[in-house]
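Step one of this worksheet: look at the structure below.
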Amino acid sequence: MSETVDRVDVLVAGGGYVGLSAALAIAASVPGARVALVDPRPWRDASGDLRAFAVAAAGRRMLAALGVWDKLADEAEPVREMIVTDSRLDDLIRPVFLTFERQEEGDPLAHMLPNGPLVAALGAAAEAAGVRFLSPDSVLVTEPVPGGRRVTLASGRTLVVSLVVAADGARSRLRTEAGIGVNSWSYGQSGIVATIEHDRPHEGRAEEHFLPAGPFAVLPLKGGYRSSLVWSERTDIADRLVAGAPFLFDAELLRRIGHRLGELRVIGRRQAFPLGLTLARRFTAERLALIGDAAHAIHPIAGQGLNLGFKDAAALAEVVAIALRAGRDPGTADVLDEYQRWRGFDTLRMAAMTDGLNRLFSNDFVPLRLVRDFGLGLVDRLPPIKRIFADAAAGAPGPSPRLVAGEPI
């Protein structure tokens, strides 16, 4: 365990990729800044999370600016093509309504990256930048004091902090403690995640199948013969599939994927996560900022959760770093108001888009299917509109923090 910290400038609560990237960005941008991170689980222990993420161009630029992309390149699989289908589960033919291919300048659509290597690279870089890790531990309670917040950890350690950053997930205790309300609802779906091995190469192609129960995505992983599943299913069915016999899971998997990849085998465990929308009504409180899922948890239908979280971390790090360099208190209202203005609209826009897409495609209402399939086909035939969708997926719209543009703060 690291030495006791009495006074810190920024305490990040949450050691996932969003919390780690925020801590790293602040510490690396302001040498001498007192940055600490607390999490119940050390960052070196991320192997149990089976998720893999689509890192868009904006996220890749940020990781490069933070000096970690080169360490991740060997684990990242470029997505060279993506196809979108819309069908029923038992349809013999699944027509492709929309395709995306690598951009003209040769950049891939995204890179698929497992959670474990991502967290490991960010954690190692944060540690090298001087971030103090207080793990395993967690925030028990915070209270305002002159010039900061007094933070009591579960271990009994007490800190005085200028700014607390809540990166503690969709059920954030710090958000609740601050009295920040949320707009939230459940989709009645769970997201099944697993890694599969197959006999035929995926050739860098990602597939998104819109089925009545929810989107089913097959995403390419490094090596050519492994893929990551993000499978939205009714929660009761998802629970049975994850807890049931492997051969039943494999049979349902084959019904959805088909035989294009040859024989399929699940590697390791299967996991299921409840899916819903949670959007905080504001992203700041007195000496508190919310980032990542603590601020917004969205449906994975567009694969934008990671990229939204990276934008949060980049925007917060920028306003905090500028304040610290000027000798100002990073937890004051004017600093946090700037962060709120920067992230509020972009997050609301993305939350509305993913919610609308999930509602549009997770049903079997025939007239609606005809309209949406016509729309997908129309987009596929109009390159300018198609480019707008590709740019949105890459994180291009709107003003971006410097790190997201690939520039140092």
Would segment 179-190 turn up any residue that is open to solvent by 20 Å² or more (accessible area, probe 1.4 Å), in the same structural domain as Ile301 (by the TED database) and without any contact (Cβ under 8 Å) to a residue 12 or more places away in the chain? no
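Being of a type outside the set (Ser, Thr, Tyr) and open to solvent by less than 30 Å² (accessible area, probe 1.4 Å): is that true of Phe273 here?
Numbers: of a type outside the set (Ser, Thr, Tyr): yes; open to solvent by less than 30 Å² (accessible area, probe 1.4 Å): no.
For Phe273, the condition - of a type outside the set (Ser, Thr, Tyr) and open to solvent by less than 30 Å² (accessible area, probe 1.4 Å) - is not met.
Taking helices (runs of 4 or more DSSP H) that do not extend beyond segment 321-409, which have at least 1 residues that are at pLDDT below 65 and of a type outside the set (A, V, I, L, M, F, W, C)? Walk me through how you get there before you give the answer.
Values: elements: 333-361, 366-380, 383-393.
By residue number, 366-380, 383-393.
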Ala289 vs (1) open to solvent by less than 30 Å² (accessible area, probe 1.4 Å); (2) more than 21 Å from Arg341 (Cβ to Cβ): all pass except (2)
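This table checks each residue for (1) closer than 30 Å to Val164 by Cβ; (2) assigned by the TED database to the domain that holds Thr195; (3) hydroxyl-bearing (Ser, Thr, Tyr); (4) surrounded by 22 or more Cβ atoms within 10 Å (Cβ to Cβ).
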{"residue": "Arg34", "(1), (2), (3), (4)": "yes, no, no, no"}
{"residue": "Phe53", "(1), (2), (3), (4)": "yes, no, no, yes"}
{"residue": "Ser87", "(1), (2), (3), (4)": "no, yes, yes, no"}
{"residue": "Asp91", "(1), (2), (3), (4)": "no, yes, no, no"}
{"residue": "Ala120", "(1), (2), (3), (4)": "yes, no, no, no"}
{"residue": "Gly123", "(1), (2), (3), (4)": "yes, no, no, yes"}
{"residue": "Gly130", "(1), (2), (3), (4)": "yes, no, no, no"}
Within segment 207-219, is there a residue that is modelled with pLDDT under 95, among the acidic types (Asp, Glu) and under 23 Å from Arg80 (Cβ atoms)? yes
In segment 308-329, which residues are surrounded by fewer than 24 Cβ atoms within 10 Å (Cβ to Cβ) and not small (Gly, Ala, Ser)? Glu318, Val319, Ile322, Leu324, Arg325, Arg328, Asp329
So, in segment 160-172, exactly how many residues are modelled with pLDDT of 95 or more and out of contact with any Pro (no Cβ under 9 Å at 6 or more places or on another chain)? 8
Kindly provide the set of residues from segment 199-221 that are open to solvent by less than 30 Å² (accessible area, probe 1.4 Å), of a type outside the set (Phe, Trp, Tyr) and under 18 Å from Arg234 (Cβ atoms), ordered by number. His209, Leu211, Gly214, Pro215, Ala217
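The rows are residues; the columns are (1) modelled with pLDDT of 85 or more; (2) closer than 23 Å to Trp231 by Cβ; (3) not hydrophobic (A, V, I, L, M, F, W, C).
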| site | (1), (2), (3) |
| --- | --- |
| Ala64 | yes, no, no |
| Ala73 | yes, no, no |
| Glu81 | yes, yes, yes |
| Asp86 | no, yes, yes |
| Arg94 | no, yes, yes |
| Glu101 | no, no, yes |
Under the condition of being open to solvent by 30 Å² or more (accessible area, probe 1.4 Å) and closer than 17 Å to Glu75 by Cα, which residue from segment 222-235 is modelled with the lowest pLDDT? Gly223
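Within segment 118-128, is even one residue at pLDDT below 85 and under 23 Å from the mean Cα position of the chain (by Cα)? Can you show your working first?
The initial filter retains those residues of segment 118-128 that are at pLDDT below 85, namely none.
No: segment 118-128 contains no residue that is at pLDDT below 85 and under 23 Å from the mean Cα position of the chain (by Cα).
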Checked pairs for segment 151-165, first open to solvent by less than 10 Å² (accessible area, probe 1.4 Å), second part of a loop (DSSP other than H, G, I, E, B) and modelled with pLDDT under 95, C-beta under 6 Å and 6 or more apart or across chains, list as Leu153/Asp137; Leu159/Val5
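The values are calculated or read from the model by the stated rules, or taken from the named source; none is laboratory data. This one's a predicted model, so the numbers in the text were calculated from it and none came from an experiment. Every residue, glycine among them, receives a Cβ derived from its backbone with ideal geometry; neighbour counts consider all protein chains shown. Ligands, DNA and RNA are stripped out before the accessible areas are found, and what is left, the full protein with its side chains, is counted by its heavy atoms. Shrake-Rupley method; radii C 1.70, N 1.55, O 1.52, S 1.80 Å.
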